[in-house]
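Below is one structure, written out as structure tokens, with a few remarks after it.
The values are calculated or read from the model by the stated rules, or taken from the named source; none is laboratory data. Just so you know, these numbers come straight off a predicted model, no measurement behind them. Every residue, glycine as well, gets a Cβ built from its backbone with ideal geometry; the counts of neighbours run over all protein chains shown.
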Amino acid sequence: MFGSGRAARRERRRLRKEDRRPGPPGPYALLPWLLMGLGSFSNLFQGETPNPWVGGLGLLAFNSLYVSVVFRGFAKEKRESPVSYALLGAMAVITFGLAIGYGGSWLLFFPLLSLACGTILRHRLLGAGLFGLAVAACLIAVWRDDSTSTPWTLGYGTFISGAVTAAILTLSETVMELRSTRQELARTAVEKERLRFSRDLHDLLGHTLSVIVVKSEAARRLAPRDIDAALSQVADIESVGRQALTEIREAVTGYREGSLATELDRARSALSAAGIEPSVRRSGPPLAPQTEALLGWVVREAVTNVVRHSTATTCAFVIEGTPGRVRLTVTDDGRTPAAPPAPGIGGTGLKGLTERLAVAGGSLEAGPGAAGGFVVTAELPADAAGAPEGGAAVDR
């Protein structure tokens with residue numbers, strides 16, 4: 001009990017750390033730099049500044065604008081608004097006015113202005129702004145000749161203050177975007193795996209249960225007059241059930257990959273048990289494993305469809321291959337639905353099967369045949385890439 005509580009607390013701490021903004025924790029980290037203005041503040045009280053009321057109002061206005069600009073710089077929407085640029089412009093006017101009018105320690109407002117520029121400006125505008133401020137700070141320091149630091153040091157400090165601030169905030173934003181992208185990719189992967197499993201389960205259970213029902217009906221019909229044939233059907237039911245368990249385990253772990261030859265053999269057995277005469281005609285070169293797996297899904301779902309809904313008496317499978325493409329056609333002579341859905345539209349099964357083949361560069365068409373019945377046609381590249389991700393039934 002206590003162990004689980006500690007584990008929960010550790011997990012909460014881990015999540016809080018992941019949600020914490022990398023780099024500066026927030027705008028409060030940039031407020032201590034205002035202490036650079038203490039020299040100017042002390043000059044006001046020591047009477048070393050002419051017109052102290054003008055200097056005091058300028059100092060108050062600069063600090064207020066600095067705080068406002070820094071806080072806006074940590075919100076992208078506010079940072080890119082015209083108001084932020086207007087506030088930054090007002091800071092520049094005050095900085096130049098105080099530096100030109102008073103000089104001395106008042107020149108240290110240039111690095112503070114540069115730091116504020118680093119929170120708001122980006123890209124070329126940032127470089128031009130910082131370079132201009134650095135040059136202006138050097139020129140005014142040389143002209144006043146009363147700076148508390150050498151002109152080049154003041155210019156360098158002005159440029160580097162904004163550059164480092166912008167670099168840290170940009171890196172922070174990039175890391176947050178990458179973290180958000182990683183979380184989105186994780187969610188997408190989970191959704192994709194859920195879709196794969198649901199499609200596989202739909203196909204596996206739908207086909208298997210249909211075969212079991214058909215063979216059970218055959219066993220019931222045969223039992224009164226041919227007990228051996230009925231027992232043969234029961235044995236087939238047992239075999240189908242065991243195979244279904246294996247396939248479900250493989251579907252759960254994502255390792256299931258169908259075989260066209262295996263699915264054709266199962267199709268013959270299921271159709272024969274349902275009283276439908278199967279026929280298979282195959283021509284062309286050997287197919288790639290992934291192509292066979294995809295066509296195996298088509299055979300499985302087409303047979304399920306025929307057994308469930310068609311009332312057909314015959315079902316033909318034709319596989320025609322060339323070095324570049326392969327076509328599978330499944331034709332039955334059963335009843336035709338009144339309004340068959342178009343590929344990719346309507347039932348979940350048809351849509352899923354169409355999407356699966358489309359991912360591999362293929363296509364699926366399903367509809368009434370020219371001579372009646374129902375026709376399912378699948379075309380794929382002979383070397384279709386990508387394992388099938390979840391099944392889909394052909395709904396009629």
Residue among A141, A218, A128 that is of a type in the set (A, V, I, L, M), touching a residue at least 24 places away in the same chain (Cβ under 8 Å) and under 30 Å from L112 (Cβ atoms): A141
Given (1) surrounded by 16 or more Cβ atoms within 10 Å (Cβ to Cβ); (2) at pLDDT 85 or above, number of the condition V394 does not satisfy: (2)
Condition met for G127 (modelled with pLDDT of 90 or more and closer than 18 Å to A163 by Cα): yes
Test for S147: is it under 31 Å from the mean Cα position of the chain (by Cα) and at pLDDT below 85: no
Answer residue from the range 33-60, given it is of a type in the set (G, A, S) and either closer than 22 Å to L154 by Cβ or not in a helix (DSSP H, G or I) (or both) and is modelled with the highest pLDDT among those: G58
Elements of type helices (runs of 4 or more DSSP H) contained in the range 212-320, each with 1 or more residues being more than 39 Å from the chain's Cα centre (by Cα): 227-253, 260-273
Filter result for V83 (β-branched (V, I, T) and free of Cβ contacts under 8 Å to residues at least 12 places away in the same chain): yes
